[in-house]
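Have a look at the structure below, then the notes.
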Amino acid sequence: MKVFFNGELVDQDQAKVSVFDHGLLYGDGVFEGIRAYNGRVFKLREHVDRLFFSAKAILLTIPMTHDQVCQAVLDTCRANGIRDGYVRLVVTRGPGTLGLNPFKCVNPLLFVIADKIQLYPPHMYEDGMDIITVATTRNHQNAVNPAIKSLNYLNNILAKIEAVNCGYEEAIMLNPAGYVAECTGDNIFIIRGNSLLTPPLEAGALYGITRQTAMDIASKLGLSVSEPNLTRYDLYNADECFLTGTAAEVMPVVKIDGRVIGSGKPGPVTRRIVEHYKDLTTSSGEPL
Ligand code: PXG
């Protein structure tokens, strides 16, 4: 496998990160997870935009232009013959001293891995997922703002541990005010009548690329789309529920905290959104 590393494509065993890299020592860096479908990289510009916004928020200078980063993603996919796959794009603060000060790191590191991913068992896309709310709250926006897709994912990992320990694949995280924020690696949506609802970004949701795509699809289908604060009561009493993420795609949810959602099967509106999402992923994107 070829990895784009420090400006060039190298063999994977040449792609080695220093133990002094602050990405490793402190989780100081940002990343993106991007998908390729049918020989096209889906929503590449949107992902690279978000990478630059995350980097700006942590005062990290990406050592390449926006266009160069897009090109590096395409080159890495091509070098590995990827037509359907998953890209991990990472920028770390780079090697520095054994101290927090990021200004002592002078060479940020950018690398791109193009590989495969299977996040959830395939039957869950048919049967729907059963999820729970966990005790770990989403980071406060004045701590590590959840809008930053940083290498510091411990907040989400702690929630994931709770979910997996209880036998679940995914968990709902509330924000410090008690409203629904999102899941550990996915955004959350409910359908109520003709309305699609999802927590606002300020509730602690990541600006998900799939989230935006689902909202666009729902508008085209004639649903009213809004972003109100949601409580668990709203989730329990929804007609339908689903999760979105680049890796997860659109995942129906049929049970939350033991409460059956709607009919207990993936709902008709969710199924239509899934179909439209599949059409979009296979017909749009930057060609490889
Ligand atoms: N919320 C969080 C916290 C995420 O990390 C999403 C929502 C969905 O965003 P997109 O833009 O992908 O629609 C994410 C992204 C994994 C994994 O291995 C998950 C994500 C990214 C990379 C890896 O579970 N989720």
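Here, each number is a calculation from the coordinates, and none is a lab measurement. All of these numbers come straight from a predicted model, not from anything done at the bench. In this analysis, Cβ positions are derived from the backbone assuming ideal geometry, glycine residues included, and neighbour counts consider all displayed protein chains.
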Helix 268-283 sits off the longest principal axis of the Cα atoms of the chain, rounded to the nearest 10 on a 0 to 90 degree scale, by 30 degrees
Quick calc: nm separation of the 7 Å Cα→Cβ label points for Phe20 and Cys166 -> 4.4 nm
Rounded to whole angstroms and listed largest first, the alpha-carbon spread of the stretch 185-288 along its three principal axes comes to 44, 29, 25
Rounded if a/c is under 1.5, else prolate if a/b beats b/c, else oblate: with a ≥ b ≥ c from the C-alpha gyration tensor eigenvalues square-rooted, which is the stretch 97-191? oblate
Shape verdict for the stretch 197-243, please, from the Cα gyration tensor: rounded (a/c under 1.5), prolate (a/b greater than b/c) or oblate. oblate
Under the rule of at least 5 residues apart or a separate chain, name every residue whose amide H is placed under 5 Å from the amide H of Val225. Leu196
Among Ala177, Leu110, Gln212, which residue has its Cα furthest toward the positive end of the charge dipole of the chain, with +1 on Lys/Arg Cβ and -1 on Asp/Glu Cβ? Leu110
Please report, for the Cα atoms of the stretch 2-115, the Rg to one decimal and the Dmax as a whole number; what are they, in angstrom? 13.9, 45
Which aspartates and glutamates have a Cα lying under 19 Å from the Cα of Lys220, excluding residues fewer than 8 positions away in the same chain? Glu240, Glu249, Glu275, Asp279
Cα extents of the chain per principal axis, largest first, Å, are 53, 41, 32
Under the Karplus curve 6.51 cos²θ - 1.76 cosθ + 1.60, θ = phi - 60°, whole-Hz ³J(HN,Hα) for the stretch 73-90, x wherever Gly or Pro sits: 5, 5, 4, 5, 4, 4, 4, 10, x, 7, 10, 10, x, 10, 10, 10, 10, 10
Note down the relative contact order for the stretch 1-118 as a percent, whole number, built from C-alpha pairs under 8 angstrom at least six residues apart. 35 percent
Given the rule -39500 (n - 2.57) for each run of at least 4 DSSP H residues, summed and divided by the residues of the chain, what is its mean residue ellipticity at 222 nm, to the nearest 500 deg cm²/dmol? -8500 deg cm²/dmol
Cα centroid distance between the stretch 84-139 and the stretch 226-288, in Å? 22 Å
Round to the nearest 10 and give me the degree value, 0 to 90, for the angle of helix 154-165's Cα axis relative to the longest principal axis of the chain. 50 degrees
Can you give the relative contact order of the chain as a percent, counting alpha carbon pairs under 8 Å and 6+ residues apart? 20 percent
Residue-span extension gain [Ser226 to Tyr153] - 0.36 nm each, minus C-alpha spacing: 23.5 nm
Computed ³J(HN,Hα) along the stretch 106-118: with the Karplus parameters 6.51/-1.76/1.60, θ = phi - 60°, integer Hz and x for glycine or proline, the list is 9, 10, x, 10, 10, 9, 9, 10, 10, 8, 10, 8, 10
Against the longest alpha carbon principal axis of the chain, how many degrees, from 0 to 90 and to the nearest 10, is the axis of helix 209-220 turned? 40 degrees
Integer Hz, Karplus 6.51/-1.76/1.60 couplings in order for the stretch 221-229, x for Gly and Pro: 7, x, 7, 8, 10, 9, 10, x, 5
